[in-house]
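Below you'll find the structure, written out as structure tokens, and then a few comments.
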Amino acid sequence: MYGKILRRERLKHQLTQVEIGEKIGRSKQWVSELERGNIRLNIDVAVKLAKVLGLTADIFLPRKSKSSS
């Protein structure tokens, strides 16, 4: 889920995987794996990504669905 969000926001900001990786101290390969959902996102990286993209880190957190009562 957060991989799709990252890709969408990265492309919206016209950034490459290399550029994102450089800004957060990770490799292009790492960013690629994250976008494909092969790596779990931790809160520290979520904060760094959000800052680079001008967002809040909660965009990368799973949403709880409301249960019907």
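Of all the residues in the range 50-63, those that are more than 13 Å from Arg10 (Cα to Cα) and either in contact with a Gly (Cβ under 8 Å, 6 or more places away or on another chain) or assigned to a loop (DSSP other than H, G, I, E, B) (or both) number 4. The set of residues in the range 30-50 being of a type outside the set (Gly, Ala, Ser), without any contact (Cβ under 8 Å) to a residue 12 or more places away in the chain and touching a helix residue (DSSP H, G or I) at 6+ places or on another chain (Cβ under 8 Å) consists of Trp30, Ile39, Val47. Go through the range 1-44 residue by residue and tally those that are assigned to a loop (DSSP other than H, G, I, E, B) and open to solvent by less than 70 Å² (accessible area, probe 1.4 Å). Total satisfying the criteria: 7. Out of curiosity, is Val47 surrounded by fewer than 16 Cβ atoms within 10 Å (Cβ to Cβ) and in a helix (DSSP H, G or I)? So Val47 passes the test.
The values are calculated or read from the model by the stated rules, or taken from the named source; none is laboratory data. Note that the structure is predicted; figures quoted are calculated from it, not measured. Note that we place each Cβ from the backbone using ideal geometry, even for glycine, and neighbour counts take in every protein chain shown. The area values use the complete protein model at the heavy-atom level, side chains included, leaving out ligands, DNA and RNA. Shrake-Rupley method; radii C 1.70, N 1.55, O 1.52, S 1.80 Å.
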